[in-house]
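Below you'll find the structure, written out as structure tokens, and then a few comments.
Each reported figure results from applying straightforward, stated rules to the coordinates on display, with no laboratory input. Here the structure is a predicted model, which is why all the values come from computation and not from measurement. Positions of Cβ are backbone-derived with ideal geometry, glycine not excepted, and every protein chain shown enters the neighbour counts.
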Amino acid sequence: MNRAGYLKQLETDLARWAANGWIGTEGLAKIRAEIGEAPSGWSRLPALFAGIGTICLALAVAAFVAANWEVIPRAVKLVGIAALLLAAHGFAAAMAARGLRAVADLATMFATLVFVCGLALVGQIYHLPSDWPGGALLVACGALAAAWLCGSRASLVAAAVASLAWLWWIGDPPRPTWAQVAIALALLLACLLHVARMTSFAGRWSVLLLFAGIYGWLFAAWLDTNYLLSSSDMEFSILPMGTAFGALLAVWGYVLSGAEHGAAEHLVAGRRADLMALAQSASGFGILVLVGTVVLTLVIGFTETASDEVAIEIPHVWPLHLTLAVMLAGLVWQGVASPGSRPLRAVAAAAVLAAASPFVLVFLPGDTVLLAALTLAALVAVSAAGSAASLSAWSFAGNFGLAVALLFLLYETVGSLLGQSVFFFVAGLLLVAVAIISARRLRKRAAATGEGGR
């Protein structure tokens with residue numbers, strides 16, 4: 001559950017507990033005072049505006065130097081960039097010593113951006129050959145150094161983005177050397193450890209994007225090296241990878257975020273709030289990848305047909321099977337720790353149904369009826385899992401994906417206005433029936449919980 005949903009539910013519970021006399025006025029005031037100390041979304045707006053302003057200042061410096069390229073002597077350019085870099089880091093150190101961590105972070109980000117501009121200027125001054133991958137790697141290393149030495153969250157985002165750019169430039173075609181694989185994994189590990197140590201929303205999602213990029217890069221390299229398929233058939237092998245990777249992040253993010261008590265406490269003893277935040281972000285990121293790939297599978301299934309060679313090759317794709325096995329291990333781990341958990345059952349159903357949809361496309365090509373049914377079932381399961389586990393991101397992603405899938409099926413299968421009305425009527429009845437059944441089960445569960453508490 002995200003913070004906004006948690007606070008809304010907590011206010012409702014506090015009012016009910018106070019009305020029933022379970023909590024006194026003094027305790028209620030202390031709880032609300034502690035809630036008020038936590039930063040809200042509005043209180044983070046000044047930091048957001050300051051960050052955007054810092055980026056604009058760095059761009060202003062680069063634009064000024066570019067506009068006066070012929071006027072400013074070479075030595076002045078180099079000395080000016082170095083002096084600005086040192087001054088920014090010195091200012092960041094001074095602010096950190098005074099306890100102004102947010103200001104120090106912005107100053108470090110400014111220094112990182114100046115470092116990026118300095119690399120470009122040095123290359124222009126000395127007419128160095130253009131090496132975009134090498135430049136991106138230098139930026140990533142420099143930003144990581146600033147992030148770790150200065151404790152900067154903003155520089156971590158710059159490092160993750162530069163690492164993604166490095167992957168992009170060396171990934172066509174995806175034929176990485178062992179040295180490049182080692183560098184990619186080292187960059188990911190450094191970013192991951194930093195965001196677990198000093199978390200932020202942008203940092204978590206940047207690292208998750210880097211993780212997805214490296215996974216896709218390595219998987220594509222494995223397919224390109226070991227597959228004997230045409231490029232048109234390759235997409236049918238990538239789709240199962242997308243659903244498996246999304247299910248992996250969604251399941252383990254759910255487990256490690258402490259959504260179910262038991263397994264997470266044994267796995268991460270004394271877990272910190274930043275680790276839980278990273279796990280929650282991984283869960284939300286994974287479900288977006290999962291839903292997006294499931295919908296894409298539906299679209300491709302109605303427009304293209306996989307060849308027999310794809311079904312022959314898929315059983316030999318061990319990275320895909322390993323990903324699915326790790327995902328299932330998370331479900332088993334949580335099932336052992338929380339036997340009989342209804343939210344876990346919903347999460348397991350959503351992950352398994354969604355991960356299975358591309359296999360229908362591969363092993364039963366042309367069976368659009370089964371593919372559509374499995375796709376809709378998977379998306380409904382994702383939405384139901386979000387409701388059962390109080391994961392609003394899951395519910396939103398499932399509902400949005402379901403709407404897109406229904407509209408696509410309407411476009412593909414129904415031609416007349418009368419047919420469209422029948423389609424919407426049947427779909428509406430089914431969704432209302434699912435809503436009624438779910439509501440009744442939730443009421444019974446709430447009543448059983450209340451009786452057990454009494």
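Shape of region 318-417 from the C-alpha gyration tensor: oblate (a/c of 1.5 or more and a/b not above b/c, with a ≥ b ≥ c the square roots of its eigenvalues).
Between region 378-405 and region 204-220, what is the C-alpha centre distance in whole Å? Value for the Cα centre distance between the two parts: 24 Å. The charge dipole of region 77-226, taken about its Cα centre with unit charges on the Cβ atoms of Lys, Arg (+1), Asp and Glu (-1) only, comes to about 460 debye.
Is region 144-188 rounded, prolate or oblate when judged by the Cα gyration tensor, a ≥ b ≥ c being the square roots of its eigenvalues, rounded requiring a/c under 1.5 and prolate requiring a/b larger than b/c?
oblate
By its C-alpha gyration tensor, with a ≥ b ≥ c as the square roots of the eigenvalues, how is region 85-207 shaped: rounded for a/c under 1.5, else prolate for a/b larger than b/c, else oblate?
Oblate is the answer for region 85-207, as a/c is 1.5 or above yet b/c matches or exceeds a/b.
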